[in-house]
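Each remark here refers to the structure printed beneath this line.
The values are calculated or read from the model by the stated rules, or taken from the named source; none is laboratory data. The model shown is predicted, which means the values in this text are computed figures rather than measured ones. Every residue, glycine as well, gets a Cβ built from its backbone with ideal geometry; the counts of neighbours run over all protein chains shown. Please note that ligands, DNA and RNA were not included when accessible areas were found on the heavy atoms of the full protein model with its side chains. Shrake-Rupley method; radii C 1.70, N 1.55, O 1.52, S 1.80 Å.
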Amino acid sequence: MRPAVKVSVVIPVYGVENYLERAVDSVLSQTLEEKEILLVDDGSPDACPAICDRYARDYPGLVRVIHKQNEGLGLARNTGAQAACGEYIAFVDSDDTVEPTMYEEMYAKAVQEGCDIVMCDVRIRYVEEGRESVSVTYPRPEIDLPDYIARGNNITYSVNKLFRRAIWAENAYEKMLFEDIALIPALVTRYPRIGYVPKPFYNYYRRSNTISTSQVGEMADIVQAFRHFLGRSDPAYREEAVYCAAKQLYWNMTQSRVLFQPDFIELLKEYRKDFLLNPYLEKDKETRKILAFLDREVIPDNLICVHLDGPVPEEYRQEVARDFPRARLIDAGRDAFPPEQLPATVRSALQQGRTGYAQEYYALRLLWEEGGIVVNPDRRASLRLKRLRLNRIFFGFEDGEAITAGCYGALPGHYVLQALLETYEADTVYNRMFLPLGDRVRDFLILHFGLKPNGRSQLLKKEVQVYLPSVLAYDMKDGENCCKNAAIPVPEGYELIRGDVLKMWSDRLMENWNLYKRERERKPAGSKPADSAPPESLPLPERTRRELDERIREVVETYESSTSWRLTRPLRAVGSLWKRFKERRRA
């Protein structure tokens, strides 16, 4: 007969062979004797399964192991919770540790006060920085639930809490990133008998380059997580939950995950009434700044891909699914529009096999109807493309004069798109000669918006953003590229760059470098640049300065007279150095 179990500790395990033993040993060292440890091996590819089995052999009756296929942290926790026998359930991440008396003291609190949930403080250990801090959950020993929801800390953490097992008969984590945000705050509002032990029992080891600190497409799950948080909280605590979410959203939008700002703005608009009428936000001058985002228009999260010569390459689909998992892919072929709805020039182009001309019209029209971002099948978009959704309409240079039609975006129904579509109905040289859309856009912007065809970034009449070639055509390795031409495969580590574009970029580097040198010579050695001085006037380390100078000269000399496409590796070195310079400048 199994002994009575007061607390079941669930430890999901995946890819943590260097930390697992430390985590398990900290739970084995708990002063609470009536416990069990469930190690849920989530299909870990390293030595973790063997380590789990060893603990089960060494501690029979105390440690149980469940091996399962990989489904993610949330579903691994669900598996452990369903198998648990304890009165209460706790979760420990397999690269963290807990203090020896954690579960004894928290269980005693739970029994004494009949709690559904008991919380503690969290000690955060910043591994790379060699420092630590304590995140205090609440300023007083007794929890005032509305005040805690609105102003407390650690509300989204699973690991600093003890849960009555019955909670997990009614609730479960979802298969997503940020599963804690999606579930735990809502549980706090729905199970109000909450206790608190004000001690930092849980040790959270914070590292860089983890999934929660990386910029990957799945990070968009955080928006859905907040949607669940707001949608599933008890209505009795609606105002507190909205304010709690607002504080976290504001931090994510402006500091932690700025790249996903367009997605956050869409969420804010869904709950516009709740945020505008929230009494807590009305009194919080800093967090109230989030309301300004309600007036921002955001390009819809649509990726428009038109392919009239064949199906979309599978590689393209896989990249979209990986980097833009929540985006809607508008996959359009020849049947996107009935022939009778097409301008005569487009029908003629199709009959003559000029599919490129027709394809550009299809994309332009779909963009006008749906809004989003057009990305041709021969282009490869990066996650940074998300940030361009903050424009109303944008284009990008292909070189010093031409506008690319491979990637551009706009709000639905934008008047510039409507005007461009109307040009397909007129008897013009663009239609008689089946000229590319890029020419049509360039000349339209010159005529109506004063575009200067010089390859430089321009915001035209506070409406139309035109980007550098390094943003929507070529990756110059300066951290700015959002989409690039990938029609021709090249070896890893190389980029395919047109010679005139490379020369233009190297000339820009020289301009910046000469400006920097002039400023350096003009100012006394060691003096601090004035606030109004160009950012390039900030001093560089001597070694970096020499290396950058050498590389710039190398690029300029090598490609000065080039007018052809080039496979280039030196560009990476210059781009890397210039990126380091810019990062130091921004700091």
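Key figures for this structure:
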read-out: The chain - Debye-derived log10 I(q)/I(0), Cα point model, q = 0.06, 0.11, 0.12 Å⁻¹; value: -0.43, -1.12, -1.21
read-out: The chain - mean residue ellipticity at 222 nm from DSSP helices (-39,500 (n - 2.57) per run, n ≥ 4, rounded to 500); value: -12000 deg cm²/dmol
read-out: Protein accessible area in region 330-405, 1.4 Å probe - carbon and sulfur %; value: 44
read-out: Global form of region 145-196, assessed from the alpha-carbon gyration tensor, a/c cut-off 1.5; value: oblate
read-out: Length gained when the stretch A344-E369 is fully extended (0.36 nm per residue, less Cα-Cα span); value: 7.0 nm
read-out: Accessible surface, region 150-221, averaged per residue in Å² (probe 1.4 Å); value: 39
read-out: Three-way shape label, region 75-143, alpha-carbon gyration tensor, a/c 1.5; value: oblate
read-out: Cα-based shape type of region 116-180, given that a ≥ b ≥ c are square roots of the gyration tensor eigenvalues and the cut on a/c is 1.5; value: oblate
read-out: Whole-Hz ³J(HN,Hα) from phi, Karplus 6.51 cos²θ - 1.76 cosθ + 1.60, for region 383-391, glycine and proline x; value: 4, 5, 4, 4, 5, 6, 5, 7, 7
read-out: Accessible area of region 5-125 divided out per residue, in Å², using a probe of 1.4 angstrom; value: 37
read-out: Per-pair calculated FRET efficiency, R0 = 22 Å: D46 and Q69 via Cβ, rounded to 0.05; value: 0.90
read-out: Space enclosed by the convex hull of the alpha-carbon atoms of region 30-124, per residue, Å³; value: 116
read-out: Linear extension gain, L276 paired with S133, 0.36 nm per residue minus alpha-carbon span; value: 48.1 nm
read-out: Evaluated over region 292-358, the Cα radius of gyration and Dmax, each in Å; value: 15.9, 51
